[in-house]
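Inspection log for the structure reproduced underneath, given as structure tokens.
The values are calculated or read from the model by the stated rules, or taken from the named source; none is laboratory data. Keep in mind that what you see is a predicted model, and the values were worked out from it rather than measured. Reconstructed Cβ throughout: ideal geometry from the backbone, glycine too, with neighbour counts over all protein chains shown. Side chains are part of the model used for accessible areas, which takes the heavy atoms of the whole protein and leaves out ligands, DNA and RNA. Shrake-Rupley method; radii C 1.70, N 1.55, O 1.52, S 1.80 Å.
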Amino acid sequence: MQRQGWRRHQISIGIGVFAIVIFLLGWIEMARPLGFEFSDVTGGIVGFDTLIRVGLLTIVVVGLNMLMGHAGQISLGQAGFYAIGAYVSAIMTTRAASRGINVLFPGVIREEWWWWPWLMILAGMVVTGGIAYLIGRPVLRLKGHYLAMGTLGVGLIIFVLFREGGTFTGASDGVGSVPRLCIGSFEMWPRERYYFLVWAVALAVMWLSLNIVNSRVGRGLRAIEGSELAAQTMGVDIEKFKLQVFVLSTVYASIAGSLYAHYQTLVNPTPFGFVGSLDLVIMAALGGLASIWGAPFGVGIVYVIKEVLRARLQTLLRGAGGEHEIIIFGLLLVLIMIFMPQGLSYAAGKAFGWLRNLSRRERKNPIDRLTEKAT
Amino acid sequence: MAAMVLLVAIVLYLGHAKGFGPVQYVQLILDGVRGGSIYALIALGFVVVFNVTGIINFAQGGFVMSGAMLAVAFNNVDLPLPHALQLALAVVFGVAVTTVIGALVERLTIFPARHSHTLTLIIITVGVYIFMQGMALLIWGANAYNLPAFTTLALEDQILRSGGIMLKAQSLWIWGTLAVVLVGLYFFFERTLVGKALRACAINRRAAELMGINPSRMSLLSFAMAAALGAIGGVVLSPATRPIYDMGLKLGLKGFIAAIMGGMVSSPGAVVGGILLGVLENVAAGVTRAGFKDIFAFVVLILILFFRPQGIIGGGERGVEQ
């Protein structure tokens, strides 16, 4: 189906508009027009830091969208792949670089190699994709609940391996003092620069995914979601398609993990456990499982809720570090799944269409409306 | 078979390196059976719900936690009652309230979405679990609590010793409970009309409906039963481990693994699966590192999903098709 006129460039236009919004938000933080900071815009609830984190997780959630919404394959272990990216970057730019490889081959990796961390992001992608490829074939044979449990198991195994990895992964303390990313002598820091980097990657990932979804492969994936048997009958190589989209989603997670490691400069196992994977599923579900455009909004809403709750509930609750949001999230997840399983973006689109129809109807004369009803 | 021999050889080798004798192995296995019996109780809940509704209820772990926490809460209230009576009432309270919660969960979340995609139902039950854990955090905070041991009515349990092997008296309570529950379930499913209706629903929902059985009521009943089973598991376990708001996650997952090992549709399978899983992970963790304990359960899960998705006991072909 070839789209006509401007619709042919719909994806690029959408990404362009999104990029302008992202740029404006970054510009507000950098230039401080009229002397107000970014966090003032939102009443001090959402800081600039949150925007960067939203960008990071958008990358992961877009992958999850393709996997769950388009191919219909659930993953409850995505945080595990996010962790692999983060740990590969963190270990290879700190410990291995200084201790492992340099002990064996002194002076092989030099401080002035600014491109080494970037190479390690690629290495993380290769490692993650490779692991996903190896375990993907047997795991993706599973269906429904079994797939959910299989991916959950894989995610938890990865998590425990990092937590129990001794000095190599730093156990529960993790790996600290990860260097910042640089291009030549241009450091990707202060935060504003990193913000643009993260969102550039996020937009690229969205653009790529939207194009995949609107291609032959995307149609094949949707056929799998509808019915694997029917898709197979129509000549879709379902094993290959499922595996490809799974590997792609984990590679996205790995990129985000690497970027997270260089942003946080400290990687420990805490954010990569079961709750981390669940958060990702909630974000994907909120934005709409099959909606790539919904991803940044799903992530954003979850973060806003988290920040608000953290600010408001801290005094209300005893003990417990930073888990207050789960009360609302559980409820939210259940309500969304019952009442609008296609997510907020779908509901918003529907509401928009309804409003448009409403205004169109106003313009028609009553007789037309009657005949419309009759037909 | 060869894999089994290899496994035993690896275990013995690792155990030898740690200087383990027969006493240590018996101890590990005994403790494993205790943990496994709890998994078995939880797995039974999974099986009941799956058989009747075709849903895997990831909120099962939440029922375990809620049973334990409610019992603790009741026991901590100052009442002019003898300790034994209050503890008994606390147990009943924990199980009864959790049963009601189970029924509510079915009516409020599963029932409205009963025609949804499997993916949706999975996410809903996961959401219910998170909500329950969140509520527990809100009510009880992040502290671990204590429930007195059933034998001594104190925090220190009586320990039976024999030839270097130690056994907490609570283990006997756990095994006794499992036995009573199994006998009870047997009579319920074989001898009562409601139990037979549930079984009919499990065999063929459509046919059961044509015979005048209300499947919606059976679904409600199965969730209530699963909640009760989970809560019983949570309550008898409480004196041995300290109940905390997030205890349900691991227990629920391991109960599920046990159910899968047993083929997902078979109650005896679930019990065997649970005990086997408990022993396996305890021995494996014993000869390697305690921190690895959770990995073994999931390695077992993944191996089973890959090689014998119908369960190691067999008879679970129906479960695979779902």
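Express in nm, to one decimal, how much length is gained between B:Ala96 and B:Val299 on full extension, taking 0.36 nm for each residue of separation and deducting their alpha carbon distance. Intermediate values should be presented prior to the final figure.
On the way: separation 203, 0.36 × 203 = 73.08 nm, distance 3.49 nm.
Length difference between fully extended and current span is 69.6 nm.
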Protein heavy-atom accessible area occluded, B/A pair - total, 1.4 Å probe, Å²:
4000 Å²
What nm distance separates the two modelled labels at A:Leu229 and B:Ala17, each placed 7 Å from Cα along Cα→Cβ?
4.9 nm
So for chain B, averaging the separation of alpha carbon pairs under 8 Å that are six or more residues apart and normalising by length, what relative contact order in percent results?
34 percent
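Quick check: convex hull over the Cα atoms of region A:2-342, volume per residue in Å³, rounded to an integer?
Value for region A:2-342: 164 Å³ per residue.
Extension gain B:Ala84-B:Phe189, at 0.36 nm per residue separation less the Cα-Cα distance, in nm? Don't jump to the answer; show the numbers that get you there.
Numbers: separation 105, 0.36 × 105 = 37.80 nm, distance 3.18 nm.
Extra length available between B:Ala84 and B:Phe189 comes to 34.6 nm.
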Can you work out the FRET efficiency for the pair B:Arg289 and A:Asp237, with r the C-beta to C-beta distance and R0 = 25 Å, to the nearest 0.05?
0.05
Just which residues of region A:324-349 lose 50 Å² or more accessible area with every protein chain there, against their chain alone, with the probe set to 1.4 Å?
A:Ile326, A:Ile327, A:Val334, A:Met337, A:Ile338
If you roll a 1.4 angstrom probe over the protein chains with everything in place, what fraction of the accessible area of the protein assembly as shown belongs to carbon and sulfur, to the nearest %?
67 percent
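Using R₀ = 41 Å, calculate the FRET efficiency as 1/(1 + (r/R₀)^6) where r is the Cβ-Cβ separation of B:Ser216 and B:Thr241; round to 0.05.
Working: r = 36 Å, r/R0 = 0.89.
With R0 = 41 Å, the Cβ-Cβ based efficiency is 0.65.
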Roughly how much of A:Thr50 is accessible, in Å² to the nearest 10, using a 1.4 Å probe?
10 Å²
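Using the per-residue mean of other Cβ atoms lying within 10 Å as a proxy for protection, in what order, highest first, do the peptides B:236-242, A:334-340 fall?
Details: B:236-242: 22.3, A:334-340: 18.9.
Taking the mean over residues of other Cβ atoms within 10 Å, the ranking is B:236-242, A:334-340.
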Testing the spin-label approximation: label points 7 Å from Cα along Cα→Cβ at B:Ile203 and B:Phe306. State their distance in nm.
3.8 nm
Listing of region B:265-299 residues, each with accessible area lower by at least 30 Å² in the full protein assembly than in the chain alone (probe 1.4 Å):
B:Arg289, B:Gly291, B:Phe292, B:Ile295, B:Phe298
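Using unit Cβ charges (K, R positive; D, E negative) and no other charged atoms, how large, in debye to the nearest 20, is the dipole of the protein assembly as shown about its Cα centre?
Numbers: 51 positive and 33 negative charges, 325 e Å.
Magnitude of the dipole: close to 1560 debye.
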Residue-normalised accessible area of region A:174-314, expressed per residue, 1.4 Å probe, Å²
38 Å²
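In terms of solvent-accessible area of protein heavy atoms at a 1.4 angstrom probe, what is the ranking of B:Arg114, A:Arg8, highest value first?
Working: B:Arg114 120, A:Arg8 145 Å².
Highest to lowest solvent-accessible surface, that is A:Arg8, B:Arg114.
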Suppose accessible area is computed on protein heavy atoms with a 1.4 Å probe; arrange A:Phe168, A:Phe246, B:Phe187 from highest to lowest.
A:Phe168, B:Phe187, A:Phe246
Can you work out the accessible area per residue across chain B, with the rest of the protein chains kept in place, probe 1.4 Å, in square angstrom?
43 Å²
Estimated FRET transfer efficiency (B:Leu160, B:Met4; beta-carbon r; R0 25 Å; 0.05)
0.20
Using the basic label-point model (7 angstrom from Cα toward the beta carbon), what is the B:Thr152 to B:Ala179 distance in nanometres?
2.3 nm
Given a 1.4 Å probe, show me the residues in region B:73-109 buried by at least 20 Å² of accessible surface when comparing the whole protein assembly to the chain alone.
B:Thr109
